[in-house]
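In what follows, a single structure is set out as structure tokens and then discussed.
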Amino acid sequence: MRLAIALPVSDEKVYTQFFLSFMLLDKPEKCHLLYPKTQFHSADIGKIRTELCQEALDLHCTHILFLDTDQVYHNHDLIMRLLDHDEDIVGGKVHRRYPPFEPILNVDQKHVGEEVIERGGLVEVDATGTGCLMIKTDVLRHIPKPWFEFVEKPDGGHIGEDISFCNKAREAGYSIYVDCDVTIGHLALIQVGDTLHQIWKKSRGISS
């Protein structure tokens, strides 16, 4: 086993909370740390992920693990846990940064029910986010490149690079799993104003 840990950094900053949690993660003795070698914009995230995957293949890695740098990883054994599952594609439970903040676990284009997620363990999904996703590099040899790309929809919308990767993987016959026992915090910039203040008062039974 040879692991590549990929940090798809797309701006000038890395959160301190991410850095501290990353440093505390248990890691295999031999692993490669990958990051973009040139400056990218956040809009290039599909290109960034694709280039990091190619680098993992060039280094003859057996696995690549994406860990986004706008997250906090609370399980010190996260990496070893995902490796121990020995699945072709397996991720940790990541929440969206915007309301209703649900975990990104999709089946039949719908979110997996809370009761399933709360039971914990591995859950098979059609698609999940790539903020914490481990992929056996052999998978990359069996799906078309670019592995990660934004796809335009007929209605004018688009499919993100994470969902499009999952779609390609499933079309190639691979299953995708999410470990719902993994705890990950998705960092977000919150605007504090009247709306948030009213929500805070309501949650504490304070009348206006």
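Summary table
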read-out: For the stretch 29-119: relative contact order, % (alpha-carbon pairs under 8 angstrom, 6 or more apart); value: 11
read-out: Three-way shape label, the stretch 79-189, alpha-carbon gyration tensor, a/c 1.5; value: oblate
read-out: Percent accessible area from carbon and sulfur atoms, the chain, protein chains only, probe 1.4 Å; value: 52
read-out: Charged-residue dipole, Cβ positions (Lys, Arg, Asp, Glu), the stretch 67-194 about Cα centre, Debye nearest 20; value: 260
read-out: Förster-model FRET efficiency, 45 Å R0, Val192 and Phe150, C-beta, rounded to 0.05; value: 0.90
read-out: Ranked by how many other beta carbons lie within 10 Å on average, peptides 125-138, 155-168 from highest; value: 125-138, 155-168
read-out: Efficiency of FRET between Ile159 and Lys201 - r from beta-carbon atoms, R0 45 angstrom, step 0.05; value: 0.70
read-out: Förster radius 25 Å - calculated FRET efficiency between Met1 and Glu124 (Cβ-Cβ, nearest 0.05); value: 0.60
read-out: (i) 64, 40, 24; (ii) 61, 41, 37; (iii) 56, 36, 34, with the label sought being that of the calculated Cα extents along the principal axes in Å; value: (ii)
read-out: Relative packing of 61-68, 193-200, 15-22, which averages over residues the other C-beta atoms within 10 Å, highest first; value: 61-68, 15-22, 193-200
read-out: Cα centroid of the stretch 44-74 to Cα centroid of the stretch 176-208, whole Å; value: 29
read-out: Expected 222 nm ellipticity per residue - DSSP helices of 4 or more, -39500 (n - 2.57), all of the chain, to 500; value: -8000 deg cm²/dmol
read-out: Lys pairs under 17 Å by Cα in the chain, provided they are eight or more residues apart or on distinct chains; value: 11
read-out: Relative contact order %, the chain, counting alpha carbon pairs below 8 Å whose residues are six or more apart; value: 25
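The values are calculated or read from the model by the stated rules, or taken from the named source; none is laboratory data. Because the structure is a prediction, the values reported are computed rather than measured. No Cβ is skipped: glycine too gets one built from the backbone with ideal geometry, and neighbour counts run over all protein chains shown. Note: accessible area is taken over every heavy atom of the protein model, side chains too, but ligands, DNA and RNA are not part of it. Shrake-Rupley method; radii C 1.70, N 1.55, O 1.52, S 1.80 Å.
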